[in-house]
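Working notes, beginning with the structure itself.
The values are calculated or read from the model by the stated rules, or taken from the named source; none is laboratory data. Since the structure is predicted, the reported quantities are computational estimates derived from the model, not experimental observations. Cβ placement follows ideal geometry from the backbone for every residue including glycine, while neighbour counts extend to all protein chains displayed. For accessibility, only protein heavy atoms count, side chains too; no ligands or nucleic acids. Shrake-Rupley method; radii C 1.70, N 1.55, O 1.52, S 1.80 Å.
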Amino acid sequence: MQTQPAVSAVTQSGAAEQRVLILDFGSQYTQLIARRVREAGVYSEIHPWDAEPDFIRRFDPAGIILSGGPESVGDTAAPQVQPVVLDLGVPILGVCYGMQVLSAALGGRVVPATEREFGYAKVEVLADVDLFHGILEVGEALNVWMSHGDRVEALPPGFTAVASTDNAPLAAMANTERHIYGLQFHPEVTHTDKGQAIIERFVGSVCGCPAVWTPRNIIAEHVADIRAQVGSDRVLLGLSGGVDSSVVAALLHEAIGDQLVCVFVDNGLLRLNEGDQVMDTFARHMGIRVLRVDAEREFLDALAGVADPEEKRKIIGRKFIDVFERQAKALDNTGWLAQGTIYPDVIESAGSATGKAHVIKSHHNVGGLPERMHLKLLEPLRDLFKDEVRRIGVELGLAPVLVYRHPFPGPGLGVRILGEVRREFAELLRRADDIFISELRSAGLYDQVSQAFAVFLPVRSVGVMGDGRRYEYVVALRAVETVDFMTARWAHLPYDFLDRVSRRIINEVDGISRVTYDISGKPPATIEWE
């Protein structure tokens with residue numbers, strides 16, 4: 001297998017010329033920092049805290065942000081700030097552990113907190129510094145999100161305290177001459193009031209980065225990169241109909257036109273009428289060449305008897321490669337296979353940029369291609385977050401209803417059928433799911449939830465319909481609300497809505513006798529965002 005780097009930097013020119021380096025110390029929120037910087041119109045990348053000093057110099061950042069992390073600064077093997085970070089002379093912002101490790105490196109003192117702070121806290125602003133100027137007034141109380149067990153007890157020489165809480169008198173620090181700042185709270189999470197404004201202030205006013213990382217500039221830069229890479233070769237794209245592959249198709253079509261050939265594989269695990277919708281959107285309306293492959297039997301045969309969700313993912317990924325390989329052999333001058341890999345896929349499959357966090361998922365798009373295919377891998381969205389992908393999709397002319405549809409996993413219904421995958425289960429599930437989604441749209445609730453879907457449970461339940469007993473399958477409905485697709489809560493849908501959906505499913509889908517609504521706190525491991 002050809003392996004891919006954990007993070008792939010875009011060309012350091014144009015919209016990415018002024019860039020911010022985020023050094024990851026293992027925080028669950030590191031991706032959010034990168035997203036917030038990009039939302040401010042500035043390109044950013046995540047790299048591990050112990051990245052090679054020569055790489056950090058070559059990266060030539062306009063500013064550096066040190067993320068949070070789970071360690072204690074005083075622990076023997078705790079990550080530390082490398083000297084090169086301080087020697088570059090660029091503005092630095094330390095967040096949570098980033099503030100603590102920065103303080104320790106510069107001569108301050110960090111100790112275990114008297115009381116750990118996890119959750120909301122009130123911060124009082126103590127001084128007007130350029131990081132807060134125009135955003136926060138002295139004496140103002142700010143609702144923030146804390147997540148720490150240690151605190152800075154003594155500031156490094158040259159630093160002043162600029163914010164405090166009852167539990168952390170030194171909740172923010174600043175050395176305005178060196179443009180080095182530390183925040184004990186997390187400005188990147190939506191729970192922190194004015195957090196985005198603070199990040200915008202840091203990257204814009206403090207680091208001096210212009211807000212040029214915009215959809216139009218991103219498209220122009222990526223189109224130029226694609227044309228330079230591909231030349232006159234033909235590109236084969238696995239088109240799933242999901243948001244990522246749809247935007248890849250539009251972007252590649254913009255860049256290379258008829259050199260693009262899309263392969264749409266009907267694996268039997270799609271949403272209701274998905275195949276016809278894909279062909280209508282891309283082949284008929286956009287004029288893109290799309291080859292539709294009916295591979296339902298091939299996929300379902302390969303999945304027969306397999307219940308483990310991770311194994312199902314791997315089987316589906318391998319079968320996709322098999323189908324693409326056959327199509328590539330039938331086409332002349334095919335040099336590339338394009339995929340809809342996005343930045344979080346790469347980071348999550350690698351277990352964060354540090355390599356120390358748990359692997360959240362093994363994305364079937366990530367990890368290279370079998371050498372026998374003799375194709376190079378093209379991943380034009382590899383450096384983009386989902387919200388960026390959606391914005392450039394709209395800029396490229398894709399309908400918002402397609403671009404902003406709920407995420408659908410690459411393995412499709414294969415990971416929403418718990419246990420063994422069978423054709424009859426897929427048929428029941430896609431019909432139940434379609435009722436759920438159509439009712440959400442009719443009720444004006446679809447855009448109020450971040451993701452909604454039905455799950456097939458491999459159990460049967462007794463129900464009574466009319467005068468007869470029915471012993472049939474159960475489906476669970478799930479809807480969640482999230483801003484960042486990292487943390488979520490179950491959506492509080494109206495009871496009368498759930499009642500209507502449940503009655504429709506039981507009456508219209510023969511084979512289902514019970515419908516439940518899942519209100520668990522986090523997505524089960526077998527049911528993924530995308």
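Annotation: extensible slack from HIS191 through ARG318 equals 41.7 nm (criterion: 0.36 nm per residue apart, minus Cα-Cα distance). For the peptides 381-389, 497-505, 17-25, the ranking by mean Cβ contacts within 10 Å, running from highest to lowest, is 17-25, 381-389, 497-505. Sorting TYR495, TYR471, TYR404 by accessible area puts them as TYR495, TYR471, TYR404; the probe is 1.4 Å, largest comes first, and only protein heavy atoms count.
Note that segment 255-326, at 4 °C in a medium of 1.567 mPa s, gets a Stokes-Einstein diffusion coefficient of 96 µm²/s from its Kirkwood radius over C-alpha pairs.
Find the eigenvalues of the gyration tensor of the Cα atoms of segment 128-283, then list the square roots of 5 times those eigenvalues as equivalent ellipsoid semi-axes, largest first, in whole angstrom. Please report the intermediate quantities before stating the final value.
Details: eigenvalues 478, 86, 34 Å².
Its equivalent ellipsoid spans semi-axes of 49, 21, 13 Å.
When only the Cβ of Lys, Arg, Asp and Glu is charged (+1, +1, -1, -1), the dipole of the chain relative to its Cα centre reaches about 1060 debye.
Rounded to the nearest 5, the antiparallel percentage of DSSP beta bridges internal to segment 146-282 is 60%. Residues LEU445, LEU269, ordered by accessible area of protein heavy atoms at a 1.4 angstrom probe radius and largest first, appear as LEU445, LEU269. What FRET efficiency do you get for VAL111 and ALA77 if R0 is 22 Å and r is their Cβ-Cβ distance, rounded to the nearest 0.05? So the FRET efficiency works out to roughly 0.70. Less than 5 angstrom separates the built amide H of VAL162 from those of ALA172, MET173, ALA174, all sequence-distant by 5 or more or on a different chain. Annotation: the antiparallel percentage among DSSP beta bridges lying fully within the chain is about 45.
Can you tell me how segment 286-338 classifies by the Cα gyration tensor, rounded, prolate or oblate, using a/c under 1.5 as the rounded cut?
Since a/c reaches 1.5 and a/b is larger than b/c, the shape of segment 286-338 is classed as prolate.
By its C-alpha gyration tensor, with a ≥ b ≥ c as the square roots of the eigenvalues, how is segment 372-485 shaped: rounded for a/c under 1.5, else prolate for a/b larger than b/c, else oblate? Oblate shape, in that a/c is at least 1.5 and b/c is the bigger or equal ratio. For the chain, the residue among ILE437, SER513, GLY108 whose Cα projects farthest onto the positive side of the dipole built from Cβ charges is SER513. Assuming charge only on the beta carbon of Lys and Arg (+1) and of Asp and Glu (-1), the dipole of segment 194-282 about its Cα centre is about 480 debye to the nearest 20. Using 0.36 nm per residue and subtracting the Cα-Cα separation, the extra length available between ASP54 and HIS285 on full extension is 78.3 nm.
For the pair VAL138 and ASN217, the difference between a 0.36 nm per residue extended length and the Cα-Cα distance amounts to 24.6 nm. Once you sort the root eigenvalues of the Cα gyration tensor of segment 32-132 as a ≥ b ≥ c, which label holds: rounded (a/c under 1.5), prolate (a/b larger than b/c) or oblate (the other case)? It is oblate, given that a/c is not under 1.5 and a/b is not larger than b/c. Stokes-Einstein diffusion of segment 100-168 at 20 °C, 1.002 mPa s viscosity, Kirkwood radius from Cα pairs, rounded to a whole number: 166 µm²/s.
Go through VAL230, VAL415, ALA51 and say which Cα lies farthest out towards the positive end of the charge dipole of the chain; charges sit on Cβ, +1 for Lys and Arg, -1 for Asp and Glu. With unit charges placed on the Cβ atoms, the residue in question is VAL415.
With only the Cα atoms considered, the chain has a convex hull volume of 163 Å³ per residue.
Within the accessible area of the chain, the carbon and sulfur atoms contribute 49%, probe 1.4 Å, all protein chains present.
In percent, how large is the relative contact order of the chain, given Cα pairs closer than 8 Å and 6 or more residues apart? Computed over the chain, the figure is 12 percent.
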